[in-house]
Amino acid sequence: MPRTRTTRRRQNTRVPRSSATLPEFDRGACPEHLVTRRQLRALNLSPGGHGPVAVLRCKRCRYTPQWSCPHPGRAWLLDVNLAVPKRIPTLAQERALDRAMEARQRCGKCGRRYFHCLPVSLGICLECHDGTPADPSTYAHEPRHDLAA
């Protein structure tokens, strides 16, 4: 007999906004120097080891300005002034990543390299495994060098 499914309700503890640990801002009302992680990445910056300095409240919480936002739709705001530039990999690191991707894309039996990764459970391409013909456009005919550096 199948077990009955029990749903757990998440317990939200309401905290007054005045006693919240981090300052909270509504959408469209936060200072210019506070951005989300995605906006920080778009600026080619990383947090630099610093944690969030504020909370961006979700859309639902604008109707309850006296309570802090407990919802998972909130976002953490990071300070642009504390951010550092993104690290750029060296040429040796990029070569190592290219060799690792080549090992995942090359068939162990026939030696062909594909543009997609092969199944790890097989270790070979489907054409060598069960005879399923592969589209020739999926072969990587010449060595691809997509190194950024």
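We did not get these values from a lab; they are worked out from the coordinates using the rules stated. Every value quoted in this text rests on a predicted model; they were computed, and no experiment measured them. We place every Cβ from the backbone using ideal geometry, glycine too, and count neighbours over all the protein chains shown.
Details
- Only DSSP H runs of four or more residues enter the estimate; each adds -39500 (n - 2.57), and after division by the residues of the chain the mean residue ellipticity at 222 nm equals -5000 deg cm²/dmol.
- Listed residues T64, Y139, C125: farthest to the positive end of the dipole of the chain (Cβ charges): T64
- Simple spin-label estimate for T21 and Y63 in nanometres, 7 Å along Cα-Cβ: 2.9 nm
- The chain, relative contact order in percent, only Cα pairs under 8 angstrom and at least six apart counted: 19 percent
- Between helix 91-105 and the chain: long-axis angle, C-alpha atoms, 0 to 90°, nearest 10: 70 degrees
- The chain has equivalent-ellipsoid semi-axes of 47, 27, 12 Å, by the square roots of 5 times the alpha carbon gyration tensor eigenvalues, sorted largest first.
- Think of the chain as having a plus end and a minus end, set by charges on the Cβ of Lys, Arg, Asp and Glu; of W76, P23, H50, P23 sits farthest toward the positive end of this dipole.
- Amide hydrogen neighbours beyond the local backbone of W67, cut-off 5 Å, H modeled: R17
- Extending 7 Å from Cα along the Cβ direction at R8 and again at L122 yields two label points whose distance is 4.0 nm.
- The chymotrypsin sites (Phe, Trp or Tyr not before Pro) found in the stretch 35-129 that occupy coil by DSSP, while having at most 14 further C-beta atoms within 10 Å, are F115.
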